[in-house]
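The values are calculated or read from the model by the stated rules, or taken from the named source; none is laboratory data. This structure is a prediction, so every number in the text was calculated from the model and none was measured. Ideal geometry is used to build each Cβ from the backbone, glycine not excepted, and the neighbour counts take in all protein chains shown.
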Ligand code: NAX
């Protein structure tokens, strides 16, 4: 076991996703069975009791990997020496709230948190933003942390969308989710996202060396190419994009365990390496025509070598896919411009 614990900060730790996250991190699900962790839980004063209660429960689990837990409402304490910052707490949209109000309210959270990360986090800090609007909140935090922390250390979570897409494909193709490789979520973590299966394969399908294209498997299963395309356009894409609303409708509450699971997948793969391509919202340097400086979901891989996620370049993007990606990117541009108008960036 490594002797020095890794500091992990969770914001919004008194909320639902925070509660679902911390026990799995303390159990070693995120950084592996050899890395002890020190948890720093950030809340606002109204959320402190809930986070304090969760900390008592963590103690009662007696996790061998959990070095210590501190609950605080001070960002400078929460981010002090942090290696992995998971920014979950955010201001939700309430009835009648305009997009500009929502962006402004979240800028008031993610700006100061970015400042604090810039001031006191570990030199090699990695940040994942879960709280919505996640991509633009990441942009705001990165701008605030600059120049102390390079902007490419800030990412946003689209792994839940990715995992949802894999789950839908696994069901229709009647294979295990682990069989499905190289699905891509492009764009914003919002209803405009584009879940793309054109590069996806079934890993070990019927002895084919490089796997069977998912598009071929769908055509086989659904009765031809046209039927497969119709299913993708009319069922799969809207269902993945609207899955959050479906969960609320059926469960009576938003996605919590699956969101926490995706955040753990995101950090674990970034730290320890990916198996094939996954999806994460990362800083664009102009790849695939996405304007530089946006935090956009791309196909990514990580070698687990400390360099973080790298965008997979050179994938073919046909006209249909290009149109969908551009629509989602236009939304990201509009969010960025709205934040600029507020004087935040
Ligand atoms: P909850 O309302 O249960 O918890 C949020 C917590 O954040 C609250 O305890 C609140 O006190 C705290 N908080 C608010 N401002 C804070 C601040 N400045 N510093 C520290 N803590 C603060 O929400 P929950 O269900 O946990 O969801 C959290 C966020 O995740 C929401 O913004 C939600 O929209 C977003 N999601 C993002 C997903 C993604 O894939 N990127 C999927 C799931 C989820 O919808």
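A few remarks follow.
- Qualifying residues in the stretch 214-258 (those that are touching a residue at least 12 places away in the same chain (Cβ under 8 Å) and not in a helix (DSSP H, G or I)) - the one farthest from residue 165 (Cα to Cα): 253
- The C-beta contact set for the stretch 87-110 (first residue outside the structural domain of residue 44 (by TED's automatic domain parsing) and closer than 20 Å to residue 16 by Cα, second residue at pLDDT 95 or above and near the ligand (Cβ under 9 Å from one of its atoms), distance under 6 angstrom, 6+ apart or interchain) is empty.
- Those residues of the stretch 302-328 which are touching a residue at least 40 places away in the same chain (Cβ under 8 Å), touching a strand residue (DSSP E or B) at 6+ places or on another chain (Cβ under 9 Å) and within 18 Å of residue 154 (Cα to Cα), in sequence order: 308, 309
- Cβ-Cβ distances below 7 Å connect the following pairs, each with a first residue in the stretch 10-34 that is assigned by TED's automatic domain parsing to the domain that holds residue 90 and farther than 18 Å from residue 56 by Cβ, a second residue that is at pLDDT below 95 and away from the ligand (no atom under 14 Å from the Cβ), and a separation of six or more residues or different chains: 34/1; 34/2.
So that you can scan it fast, the table gives a plain yes or no per residue for (1) surrounded by 22 or more Cβ atoms within 10 Å (Cβ to Cβ); (2) more than 23 Å from residue 154 (Cα to Cα); (3) within 16 Å of the ligand (Cβ to nearest atom):
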| residue | (1), (2), (3) |
| --- | --- |
| 19 | no, no, yes |
| 43 | yes, no, yes |
| 56 | no, yes, no |
| 96 | no, yes, no |
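- Single condition residue 199 does not satisfy, out of (1) under 23 Å from residue 275 (Cβ atoms); (2) part of a strand (DSSP E or B): (2)
- Residues of the stretch 58-75 that are assigned to a helix (DSSP H, G or I) and over 21 Å from residue 130 (Cβ atoms): 59, 60, 61.
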